[in-house]
Amino acid sequence: MRNELDPDRMPKHVAIIMDGNGRWAKKRLLNRINGHEKGADAVRTIVQTARKLDIAALTLYAFSTENWQRPQPEISGLMLLLRRFLSSERQTLVDNEIRLNPIGQIDRLPQAVRENLEAVMEATANNQRMILNLALSYGARAEIVEMVKQIAAKARTGALDPAAITTETVADHLYTRGMPDVDLLIRTSGEMRISNFLLWQIAYAEIFFTPTLWPDFGEEEFVAILHDYQHRERRFGAIPST
Ligand code: FPP
């Protein structure tokens, strides 16, 4: 049996690229939405597991800016699933002291989704045990452009001195302001790409790629990855400590 996880070496921030719902469905001759439905069940499991393990921040890539190019029925299906998820999970998030924080171009989402998001954000606003960042209509380059615009506007009005800009200034103008950098990034389905996800925040993240399709990703594999993570030596560019 494997040893227990070391609470002192838990990643503070875990980010996941949830990939492979479509292939999961195709393998079973189902339609893609069935794959996303199963994917939503995996989301529930992983949120609960992360909370149980005292991970402070979990960021899930649920919908990218590029995903708007998918066929309209798939987009509508995903939006409906998201609404169902928000309604069904609201109380669980409250009970488990999880704060919902959507990140991305939220104004591009349908109004009904935005209303659901608002309601859950309001209900969970004071929760402190874990933050759940749901990346929706998210793209890291767009996030960076937005950050540059905000900093440039402050420089123009004199509120900020360009010479005084630091890495902290940049971090404070991203969606993840106030949160630790990503310690652990996981991508399912065997694809080995970053796909425009959290480009700034993953600078020193440990990366794990698993061939498991997202709907099949569960607590056991998540815990196994956390074990591996705890055995990796993180150097942040320095030499190994003796
Ligand atoms: C990637 O699979 C997954 C997505 C584009 C969306 C992720 C959505 C969910 C996990 C379900 C709904 C989310 C919530 C938060 C309720 P893919 O469609 O790209 O799979 P493929 O690469 O095999 O085609």
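Under the rule of -39500 (n - 2.57) per DSSP H run of 4 or more residues, summed and divided by the residues of the chain, what mean residue ellipticity at 222 nm is obtained, to the nearest 500 deg cm²/dmol? Working shown, then result.
Numbers: 7 runs with 102 residues, N = 242.
After summing the helix terms and dividing by the residues of the chain, the value is -13500 deg cm²/dmol.
For region 109-242, rounded, prolate or oblate, judged on the Cα gyration tensor with a ≥ b ≥ c (square roots of eigenvalues), a/c < 1.5 rounded, else prolate if a/b > b/c?
Oblate.
I need the calculated FRET efficiency for the pair Q91 and E146, taking r as the beta carbon distance and R₀ as 35 Å, to the nearest 0.05. Please list the in-between numbers first.
Details: r = 33 Å, r/R0 = 0.93.
Computed FRET efficiency for Q91 and E146 comes out at 0.60.
Take E221 and F236, extend 7 Å from each Cα along the Cα→Cβ direction, and tell me the distance between the two endpoints in nm.
Placing both labels 7 Å along Cα→Cβ, they lie 3.1 nm apart.
Would you work out what percent of the accessible area of the chain, with all protein chains in place, is carbon or sulfur (probe 1.4 Å)?
Of all accessible area on the chain, carbon and sulfur atoms account for 51 percent.
Kirkwood hydrodynamic radius, computed over distinct alpha-carbon pairs, for the chain: how many Å, to one decimal?
About 19.0 Å, per the Kirkwood formula over Cα pairs.
Work out the charge dipole of region 113-242 with +1 on the Cβ of Lys and Arg and -1 on the Cβ of Asp and Glu about the Cα centre, then indicate which of M130, M147, F217 is farthest towards its positive end.
M147
Over the heavy atoms of K38, what accessible area does a 1.4 Å probe trace out, to the nearest 10 Å²?
90 Å²
With the cut-off at 1.5 for a/c, could you classify region 57-149 from its C-alpha gyration tensor as rounded, prolate or oblate?
Taking the square roots of the gyration eigenvalues as a ≥ b ≥ c, region 57-149 is oblate.
Select from region 46-102 those GluC sites (Glu not before Pro) which occupy a DSSP coil region and have at most 13 other Cβ atoms within 10 Å, ordered by residue number. Present the calculation step by step, with values, prior to reporting the outcome.
Numbers: sites: E66, E74, E89, E97; in loops: E97.
Passing sites in region 46-102 are E97.
Return the whole-Å distance between the Cα centroid of region 188-236 and the Cα centroid of region 43-81.
Region 188-236 and region 43-81 have Cα centres spaced 16 Å from each other.
Using R₀ = 30 Å, calculate the FRET efficiency as 1/(1 + (r/R₀)^6) where r is the Cβ-Cβ separation of D228 and K154; round to 0.05.
For R0 = 30 Å, the calculated efficiency reads 0.10.
State, to one decimal in nm², a quarter of the convex hull surface area for the C-alpha atoms of region 1-120, i.e. the direction-averaged projected area. Spell out each step's value before the answer.
Working: hull surface 36.4 nm².
One quarter of the hull surface, i.e. the mean projection, equals 9.1 nm².
So for the pair I165, D107, with labels modelled 7 Å out along Cα→Cβ, what separation do we get in nm?
With each label point 7 Å from Cα toward Cβ, the separation is 2.2 nm.
Run the simple label-point estimate for R9 and M192 please: 7 Å along Cα→C-beta, distance reported in nm.
According to this spin-label approximation, the distance is 2.5 nm.
Just read off the accessible area of T167 with the full protein assembly in place, 1.4 Å probe, to the nearest 10 Å².
80 Å²
Over the chain, what relative contact order in percent results from Cα pairs under 8 Å that are six or more residues apart? Walk me through the intermediate numbers first.
Values: 352 pairs, mean separation 66.9, N = 242.
Rounded, it is 28 percent for the chain.
About its Cα centre, what dipole magnitude does region 69-201 give when the only charges are +1 on Lys and Arg Cβ and -1 on Asp and Glu Cβ, stated in debye to the nearest 20?
340 debye
Per residue of region 198-207, in order, report the coupling 6.51 cos²θ - 1.76 cosθ + 1.60 (Karplus, θ = phi - 60°) as ³J(HN,Hα) in whole Hz, putting x for Gly and Pro.
Each residue's phi maps through the Karplus curve to give 6, 4, 6, 6, 9, 3, 10, 5, 7, 10 Hz.
Under the classification rounded if a/c is under 1.5, otherwise prolate if a/b is larger than b/c and oblate if not, where does region 185-242 fall, given a ≥ b ≥ c as square roots of the Cα gyration tensor eigenvalues?
It is oblate, given that a/c is not under 1.5 and a/b is not larger than b/c.
Under a point-charge model restricted to the Cβ atoms of Lys and Arg (+1) and Asp and Glu (-1), what is the dipole moment magnitude of the chain relative to its Cα centre, in debye to the nearest 20?
So the magnitude is around 640 debye.
Which order do K154, K149 take when ranked by solvent-accessible area (1.4 Å probe, heavy atoms of all protein chains), largest first?
K149, K154
Could you work out the relative contact order of region 99-227, using alpha carbon pairs under 8 angstrom and six or more residues apart, expressed as a whole percent?
22 percent
The values are calculated or read from the model by the stated rules, or taken from the named source; none is laboratory data. Treat the numbers as computed from the prediction; the structure is a model and nothing was measured. Ideal geometry is used to build each Cβ from the backbone, glycine not excepted, and the neighbour counts take in all protein chains shown. Calculation scope for accessible area: heavy atoms of the full protein, side chains included, ligands and nucleic acids excluded. Shrake-Rupley method; radii C 1.70, N 1.55, O 1.52, S 1.80 Å.
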